[in-house]
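Asks: First the structure, then my questions, so here it is.
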Amino acid sequence: MGSANTELYFVFMNYDPEYQRLRADQTKRGANQLDLYLSKKHDELLARTLEAGSYRKTLSLVIVDGFAVEITEDQANLLRSANGVRVVEKNQEVA
């Protein structure tokens with residue numbers, strides 16, 4: 001069993017043509033639409049995969065289709081098997 005302690009993980013998503021389309025729009029409106037799209041997409045993934053209130057998403061990454069979230073090791077394993085998720089990696093501190 002994993003630890004009950006939460007740690008920061010980065011979650012990166014599979015190829016998404018809608019993300020690519022929105023990212024190609026270099027206007028301010030396009031950037032706002034991309035931000036909204038990714039935030040909603042990431043929030044919905046977390047809501048359908050993990051128990052409400054058991055995680056804390058800290059940010060959505062626009063340069064790549066991904067986000068940072070504070071979760072347990074067990075929750076990271078659940079996300080690894082979620083549809084649309086490519087990689088889940090624990091944040092590594094560089095000394």
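The values are calculated or read from the model by the stated rules, or taken from the named source; none is laboratory data. Bear in mind that the values here come from a model prediction, so they are computed numbers and not experimental data. Virtual Cβ from ideal backbone geometry, glycine too; neighbours counted across all protein chains shown.
Asks: Here is a list: VAL85, VAL62. Which entry is within 14 Å of MET13 (Cβ to Cβ), crowded, with 16+ Cβ neighbours inside 10 Å and at pLDDT below 95?
Replies: VAL62
Asks: Just checking, which of LEU78, LEU38 is of a type in the set (A, V, I, L, M), in a helix (DSSP H, G or I), in contact with a Ser or Thr (Cβ under 7 Å, 6 or more places away or on another chain) and farther than 16 Å from THR6 by Cα?
Replies: Matching residue, one of LEU78, LEU38: LEU38.
Asks: Could you tell me which of the residues THR49, THR72 is surrounded by 13 or more Cβ atoms within 10 Å (Cβ to Cβ), of a type in the set (S, T, N, Q) and closer than 18 Å to ASN5 by Cβ?
Replies: After ruling out the rest, the residue left standing is THR72.
Asks: If I go through the stretch 22-42 residue by residue, how many of them are surrounded by 15 or more Cβ atoms within 10 Å (Cβ to Cβ), within 19 Å of LYS57 (Cα to Cα) and charged (D, E, K, R)?
Replies: 1
Asks: Can I ask one more? Exactly one of (1) out of contact with any helix residue (DSSP H, G or I) (no Cβ under 9 Å at 6 or more places or on another chain); (2) at negative phi is unmet by LEU45. Its number?
Replies: Among (1) out of contact with any helix residue (DSSP H, G or I) (no Cβ under 9 Å at 6 or more places or on another chain); (2) at negative phi, the lone unmet condition for LEU45 is (1).
Asks: Right, another one. Exactly one of these conditions fails for TYR15: (1) out of contact with any helix residue (DSSP H, G or I) (no Cβ under 8 Å at 6 or more places or on another chain); (2) in a helix (DSSP H, G or I). Give me its number.
Replies: Evaluating TYR15 over (1) out of contact with any helix residue (DSSP H, G or I) (no Cβ under 8 Å at 6 or more places or on another chain); (2) in a helix (DSSP H, G or I) leaves (2) as the failure.
Asks: Is at least one residue of the stretch 39-48 over 12 Å from the mean Cα position of the chain (by Cα) and modelled with pLDDT of 95 or more?
Replies: For the stretch 39-48, residues over 12 Å from the mean Cα position of the chain (by Cα) and modelled with pLDDT of 95 or more: present.
Asks: So which of ARG48, ARG86, ARG23 is in a helix (DSSP H, G or I), of a type outside the set (Val, Ile, Thr) and touching an Asp or Glu at 6+ places or on another chain (Cβ under 9 Å)?
Replies: Checking each option against the conditions leaves just ARG23.
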